[in-house]
């Protein structure tokens, strides 16, 4: 399966896109050493869906996620999350936006070892000096139950399995009711059983809690949990697949490396 167009408008949907990029390019280096990580990418991602970004090494998938999440600035083009154009924000504004509106789950769990699971979940509120808004406590308790962490809240990271630690990291990302949760290879440090559990919980955060999740992965089994799969090759979107089969994703990835 191939595509000759690199523009992928959002499928018909009543709500505006959760994330939009237009003419997105990112280059590193100069002259003969220039690397074109992204090349004039246009993309819309629907809210309340689980999107996997895939592609071979060097395809630009991590760069795309970093630009979408405001962790890196594009060379050209625009990025908008929830209607806010990130490329127009100053550094301090962008830091606050990431803190208040986005959630992050990384391959390394990034939990503080001296804090309990509950304290790690609540850490973003503590760091921001934010009081819990009405309904926030109920939402956080729901997240804890969906992720199956109720009996692990008083445990520190060293007392939890890798899968449990990643579930705490997911709960922390979801606790603030982020516009978008970005997951960068979230199962990279987990065995197959723990990986399946974590992906199931990410899936449930979309299905049961209505979150928007954008995940970078190289694993077909991980992508199988997603609603949509965006496949990159050479810094361009090769295909934007909606509810694809595992075979469709595999065929698109294989075509992208020929």
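Readers should treat all values here as calculations from the given coordinates under stated rules, not as data from a laboratory. Note that the structure is predicted; figures quoted are calculated from it, not measured. Using ideal geometry, Cβ is built from the backbone for each residue, glycine included, and neighbour counts are taken over all protein chains shown.
Before moving on, here are some points about what is shown:
- Our estimate of slack between residue 112 and residue 42, defined as 0.36 nm per intervening residue step minus the Cα-Cα distance, is 21.5 nm.
- Max mean-square fluctuation residue, GNM over the chain, Cα-Cα springs under 10 Å, options 247, 141, 239: 247
- Rounded, prolate or oblate (a/c below 1.5 giving rounded, otherwise prolate when a/b exceeds b/c) for segment 146-205 by Cα gyration tensor: oblate
- A prolate overall shape is assigned to segment 7-256, the ratio a/c of its alpha-carbon gyration tensor axes (a ≥ b ≥ c) being 1.5 or greater and a/b exceeding b/c.
- Cα-based helix-to-principal-axis angle, 136-146 vs the chain, degrees rounded to 10: 80
- DSSP-defined beta bridges in the chain - what % are antiparallel, rounded to 5: 50
- A helix-only calculation puts the chain at -10000 deg cm²/dmol for mean residue ellipticity at 222 nm, using -39500 (n - 2.57) for each DSSP H run of at least four residues, averaged over all residues.
- Put simply, when 47-54, 116-123 are sorted by average Cβ atoms within 10 angstrom per residue, most first, you get 47-54, 116-123.
- Euclidean distance of C-alpha centroids, segment 26-55 and segment 111-176, integer Å: 31
- Gain upon complete extension [residue 224, residue 254; 0.36 nm per residue less C-alpha separation]: 9.2 nm
- Between the Cα long axis of helix 91-101 and the first principal axis of the chain there is an angle of about 60°, rounded to the nearest 10.
- Note on segment 65-86 and segment 202-258: Cα centroid distance 20 Å, given to the nearest whole angstrom.
- Full-extension gain in nm, residue 84 to residue 209, via 0.36 nm per residue minus C-alpha separation: 42.7 nm
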